[in-house]
1. On the given criteria, is residue 167 out of contact with any helix residue (DSSP H, G or I) (no Cβ under 8 Å at 6 or more places or on another chain), among the charged types (D, E, K, R) and within 30 Å of residue 27 (Cβ to Cβ)?
2. Which members of the range 105-124 meet the condition of being in contact with a helix residue (DSSP H, G or I) (Cβ under 6 Å, 6 or more places away or on another chain), part of a helix (DSSP H, G or I) and at pLDDT 90 or above?
3. Scan the range 132-142 and give yes if some residue there is more than 23 Å from residue 239 (Cα to Cα), surrounded by fewer than 19 Cβ atoms within 10 Å (Cβ to Cβ) and in contact with a strand residue (DSSP E or B) (Cβ under 9 Å, 6 or more places away or on another chain), otherwise no.
4. Quick one: which of 83, 16 is touching a helix residue (DSSP H, G or I) at 6+ places or on another chain (Cβ under 8 Å), surrounded by 13 or more Cβ atoms within 10 Å (Cβ to Cβ), outside the structural domain of residue 105 (by TED's automatic domain parsing) and at pLDDT 95 or above?
5. Would you mind finding the one in 153, 145, 239, 219 that is surrounded by fewer than 20 Cβ atoms within 10 Å (Cβ to Cβ), farther than 25 Å from residue 115 by Cα, basic (Lys, Arg) and assigned by TED's automatic domain parsing to the domain that holds residue 109?
6. Mind counting the residues in the range 7-44 that are over 36 Å from the mean Cα position of the chain (by Cα) and in a helix (DSSP H, G or I)?
7. Could you grab me the full set of residues in the range 73-101 that are assigned to a helix (DSSP H, G or I) and not aliphatic (A, V, I, L, M)?
8. Considering only residues that are among the aliphatic types (A, V, I, L, M) and more than 19 Å from residue 142 (Cα to Cα), which ones fall in the range 178-212?
Amino acid sequence: MTDSSAVATVDRRLDTLRTLGEAPASKAGLSERIDVSRSTAERSIRELETHGFVAASDEGYRVTVAGRLALAAHDERRRRTATAAAVAPLFDGVDLSFDVDLSVLDGARVVEAHPHAPNRPVECVAALVADATHVSVYTGRFLSRHARLYHDRVLDGMTGTFVATDRVIDRQRSARPGEMREAMDLGRVALCRLDRDDPVSLVLAETPDGPEMGLVVYRDETPRGFVGSDDPAATRWARDLHERLWAAATPL
């Protein structure tokens, strides 16, 4: 059987799998518990048995280890799909030169900008960086408030490795010409430029409580929303992406 067949079986026979996961049952007992005909219960068990998700036992049909894993995978898929739907408006019409890993959505905090609270994504980055000892940043959009935030935190002792697109470097030099050089002269900042145009900013902050990542998505030059996570897989993705971008960039 193919993987797609197994997934389809779990989707179709989810009630049976969950019910047998609560307690084993005979075919007749299952029929009563999920309120279906005996033939439907038998067919459900037969399909799940084919994939090794249920097996006969002295107490009746029970869910196997594989069946419990299949249930967990199903629930995880539903949760990730729900989170993807929640962040879909942020990425509507956004073209990126890299893929956003699904791990970023695991337990993610999604914050959208609203007309009455347009600075919410900016404030999320400020909170992320507030206690950071080091930040790894990739930014495709210039935001004066973020530039000031990073500058002030570097003066306070934070270190950082920054990958910025050409448009960000040009805007920084135009809007805040002395701050970039001042931060670099302290020896706490390394900066590279990259010929890309991703409408996002990625921040990986090393904090006393562990690493945490945040992704700001922009519409033109305006922050549209923020996706943040301290999930280990999400922070690994952010670290790996930053390292790849750093390797492809040109030092300043």
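The values are calculated or read from the model by the stated rules, or taken from the named source; none is laboratory data. Just so it is clear, the structure is predicted and the values come from calculations on it, not from any experiment. So basically every Cβ, Gly included, is an ideal-geometry build from the backbone, and we count neighbours across all protein chains shown.
1. Details: out of contact with any helix residue (DSSP H, G or I) (no Cβ under 8 Å at 6 or more places or on another chain): yes; among the charged types (D, E, K, R): yes; within 30 Å of residue 27 (Cβ to Cβ): no.
Against the criterion (out of contact with any helix residue (DSSP H, G or I) (no Cβ under 8 Å at 6 or more places or on another chain), among the charged types (D, E, K, R) and within 30 Å of residue 27 (Cβ to Cβ)), residue 167 does not qualify.
2. Selection gives 122 alone.
3. Scanning the range 132-142, I find no residue that is more than 23 Å from residue 239 (Cα to Cα), surrounded by fewer than 19 Cβ atoms within 10 Å (Cβ to Cβ) and in contact with a strand residue (DSSP E or B) (Cβ under 9 Å, 6 or more places away or on another chain), so the answer is no.
4. Being touching a helix residue (DSSP H, G or I) at 6+ places or on another chain (Cβ under 8 Å), surrounded by 13 or more Cβ atoms within 10 Å (Cβ to Cβ), outside the structural domain of residue 105 (by TED's automatic domain parsing) and at pLDDT 95 or above holds for just one of 83, 16, which is 16.
5. From the options 153, 145, 239, 219, the qualifying one is 239.
6. 13
7. 74, 75, 76, 77, 78, 79, 80, 81, 83, 89, 91
8. Result: 186, single match.
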